[in-house]
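The values are calculated or read from the model by the stated rules, or taken from the named source; none is laboratory data. All values reported here derive from a predicted model rather than from experimental measurement. Note: ideal-geometry Cβ built from the backbone for every residue, glycine included; neighbour counts use all protein chains shown. Keep in mind that these areas ignore ligands, DNA and RNA; they rest on the heavy atoms of the full protein, side chains included. Shrake-Rupley method; radii C 1.70, N 1.55, O 1.52, S 1.80 Å.
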Amino acid sequence: MSASARWSLVALVAMIGVVVALLSTFGDTDDGSGDPTAAPTAPPVGAPPADEPRTVVDPAVRAEAGLPACRDSAVPATTTGPVAGLMVRCMDDGSTTTLGKIQAGTPMVVNMWAYWCEPCRRELPAIRDAQATLGDEVRVVLSHTDPSETKGFDTLAALGIEELISVSDQEEELPAVLGAPPVLPLTLFVRADGTIAHVLVEPMDSEQDVLDAVAEHLGVTA
């Protein structure tokens, strides 16, 4: 094959590649209003945004999600301890309440996480599985520590986390109250009387890790 013929073949292959790329681009016309039954996608992980806008989930979206109620108004709130009076937004209905009303005299685990935190995403399924094993013996709460409640909500949906009490700490107050280092995930173990037993500053990678930590710090075994 002559040199000119070889270059003509190269040019033809390159042109085919360009045409295929263009066709694939034209075919991708999804503007977010496509199949409503498609699986939700989570926002990307990475460093925490410096200027994350404060967002709140639409009420209709909340209603469809079916997250568990974050408190029982018929049960007396925990009133002692450093976090009992901390205000949070319930992801199930958008109302605000205190961690003391959520705890209501039960040993409590509060996992602080954010949508952009990759170790947090790995840890959430382990916490979900541990809560299913623990049942009502321990109140397990996921606290999304970021101004964007919407991105936290979307992440839970994408991960299939539907059984856990979930709240938004949009002002990121809980780590500050604890004097905790600026890292996520953080997990708070609170005794039934509201006193803090332990603050864990490393992820729990399996259900057994979570169960072991609950047994060690709260004395509750599955």
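Numbers at a glance
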| quantity | calculated |
| --- | --- |
| Among residues of region 181-194, those that are buried (at least 16 other Cβ atoms within 10 Å of the Cβ) and either in a loop (DSSP other than H, G, I, E, B) or among the basic types (Lys, Arg) (or both), counted | 5 |
| THR150 open to solvent by 10 Å² or more (accessible area, probe 1.4 Å) and more than 21 Å from ALA176 (Cβ to Cβ) | yes |
| Per-region count, region 92-131, residues closer than 20 Å to ARG191 by Cβ, open to solvent by 40 Å² or more (accessible area, probe 1.4 Å) and not in a helix (DSSP H, G or I) | 1 |
| Single residue of GLU149, GLU162, GLU118, GLU123 found to be at pLDDT below 95 and within 11 Å of the chain's Cα centre (by Cα) | GLU162 |
| In region 132-146, the residues that are within 11 Å of the chain's Cα centre (by Cα), part of a strand (DSSP E or B) and of a type in the set (Val, Ile, Thr) | VAL141 |
| Of all residues in region 37-49 being over 15 Å from TYR115 (Cβ atoms) and open to solvent by 80 Å² or more (accessible area, probe 1.4 Å), the one that is modelled with the lowest pLDDT | THR37 |
| Total residues in region 67-91, condition open to solvent by 30 Å² or more (accessible area, probe 1.4 Å), touching a strand residue (DSSP E or B) at 6+ places or on another chain (Cβ under 8 Å) and not basic (Lys, Arg) | 7 |
| Residue list for region 155-178, filter: hydrophobic (A, V, I, L, M, F, W, C), in a helix (DSSP H, G or I) and out of contact with any helix residue (DSSP H, G or I) (no Cβ under 7 Å at 6 or more places or on another chain) | LEU156, ALA158, LEU174, ALA176, VAL177, LEU178 |
| Every pair of residues 6+ apart whose Cβ atoms lie under 8 Å, when the first sits in region 195-222 and is part of a loop (DSSP other than H, G, I, E, B) while the second is among the basic types (Lys, Arg) | PRO203/ARG122; ASP205/ARG122 |
| Any hit, region 139-146, residues being open to solvent by less than 10 Å² (accessible area, probe 1.4 Å) and either of a type in the set (Asp, Glu) or at pLDDT below 95 (or both) | yes |
